[in-house]
Amino acid sequence: MPNPESAPSTTTSDGRSQRWNGHKAERRDQILVAAVTAIRQGGAEVGVKDIAERAGVPRSVVYRLFGDRDDLDEHVRIRIISELMTRLTPVLSPEGTVGNAVTRAVETYLGWIVTNPHLHRFLAAGSKRAATSSTSVSEARTAVAEQVSRLFASSIERHGGAADIAEPLAFGLVGMVDNSVNRWLGRGMQPLTADELSRVLQRWIVHTIVVAMADVGVDVKEQTPVIDLFGPAPK
């Protein structure tokens, strides 16, 4: 009969596995923090060697935890997007007037880009392996557009209109801002200054909202209080 004391301990094995998984997660986080810092300071072309040195680990550990550079880059993009969305999500909940809400959203987004141009270029470059942008970047852009779409749909429905335009309107606005900013950044933040670009984007967004909402019977102006759009429908 086997000696119970000599049998492998499931509890011990599980504890060792949990410690190892925790160590791996800590190392991965350490590497991602180092990668974001390296890109923020030196640009998107930073090498794995520099990232490993900043993280204080051998380069072989980076590849063991992430597989290859494309896998590492996608996880870095997810980390950058998380940082951006932490800043952006609160200002997508409109307050004050329509103009105020648009100003906060545009200024927050452009402010983050001006402070972190290398991070934004890294996101815009997408995956080297794929012809299109990365899945994480596409999903983040879609999430923002869908949140804006729900706001438009809510307002239109409260005022008795058909909300069919809400989604194309939201995705069109997000695409306009994204493409305009990417082109501006690609030209070295020229020919407009950041403040000038912010102001024209705000005007374009407000004017587009005013015209689109008027088409479905909702009267919107730049000075319209948000509560009038998303509060109880007028009787």
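The values are calculated or read from the model by the stated rules, or taken from the named source; none is laboratory data. Fair warning: this is a prediction, and the values are worked out from it, not measured in the lab. With ideal geometry, Cβ positions are generated from the backbone for all residues, glycine too; neighbour counts draw on all protein chains shown.
Within the stretch 123-143, identify whether any single residue is modelled with pLDDT of 90 or more and within 21 Å of Val211 (Cα to Cα), and answer yes or no.
No: the stretch 123-143 contains no residue that is modelled with pLDDT of 90 or more and within 21 Å of Val211 (Cα to Cα).
Taking Val220 and the conditions (1) in a helix (DSSP H, G or I); (2) touching a helix residue (DSSP H, G or I) at 6+ places or on another chain (Cβ under 8 Å); (3) of a type in the set (A, V, I, L, M, F, W, C), which numbered condition does it fall short on, given that it satisfies the others?
For Val220, the exception is condition (1).
Any residue at all in the stretch 99-117 that's assigned by TED's automatic domain parsing to the domain that holds Asn182 and at pLDDT below 90?
no
Based on this model, can you work out whether Gly186 counts as farther than 23 Å from Pro94 by Cα and under 20 Å from the mean Cα position of the chain (by Cα)?
Numbers: farther than 23 Å from Pro94 by Cα: yes; under 20 Å from the mean Cα position of the chain (by Cα): yes.
So Gly186 fits the description; yes.
For the stretch 23-47, enumerate the residues that are under 13 Å from Leu72 (Cβ atoms) and either buried (at least 18 other Cβ atoms within 10 Å of the Cβ) or touching a His at 6+ places or on another chain (Cβ under 7 Å) (or both).
Once the filter is applied, which keeps residues that are under 13 Å from Leu72 (Cβ atoms) and either buried (at least 18 other Cβ atoms within 10 Å of the Cβ) or touching a His at 6+ places or on another chain (Cβ under 7 Å) (or both), the stretch 23-47 yields Ile31, Leu32, Ala34, Ala35, Val36, Ala38, Ile39, Ala44, Val46.
Filter the stretch 208-217 down to the residues that are assigned to a loop (DSSP other than H, G, I, E, B) and of a type outside the set (A, V, I, L, M, F, W, C) and list them by number.
Within the stretch 208-217, the first condition is being assigned to a loop (DSSP other than H, G, I, E, B), and the residues that meet it are 216-217.
Selection gives Gly217 alone.
Being without any contact (Cβ under 8 Å) to a residue 12 or more places away in the chain, more than 24 Å from the chain's Cα centre (by Cα) and within 24 Å of Val144 (Cβ to Cβ) is the filter here, so list the residues in the stretch 44-102 that pass it.
Once the filter is applied, which keeps residues that are without any contact (Cβ under 8 Å) to a residue 12 or more places away in the chain, more than 24 Å from the chain's Cα centre (by Cα) and within 24 Å of Val144 (Cβ to Cβ), the stretch 44-102 yields nothing.
Scan the stretch 100-122 residue by residue and report those that are crowded, with 17+ Cβ neighbours inside 10 Å and over 24 Å from Thr37 (Cβ atoms).
Ala101, Val102, Thr103, Arg104, Ala105, Val106, Glu107
Considering only the stretch 164-209, how many residues are in contact (Cβ under 8 Å) with a residue 40 or more places away in the chain and of a type in the set (A, V, I, L, M, F, W, C)?
12
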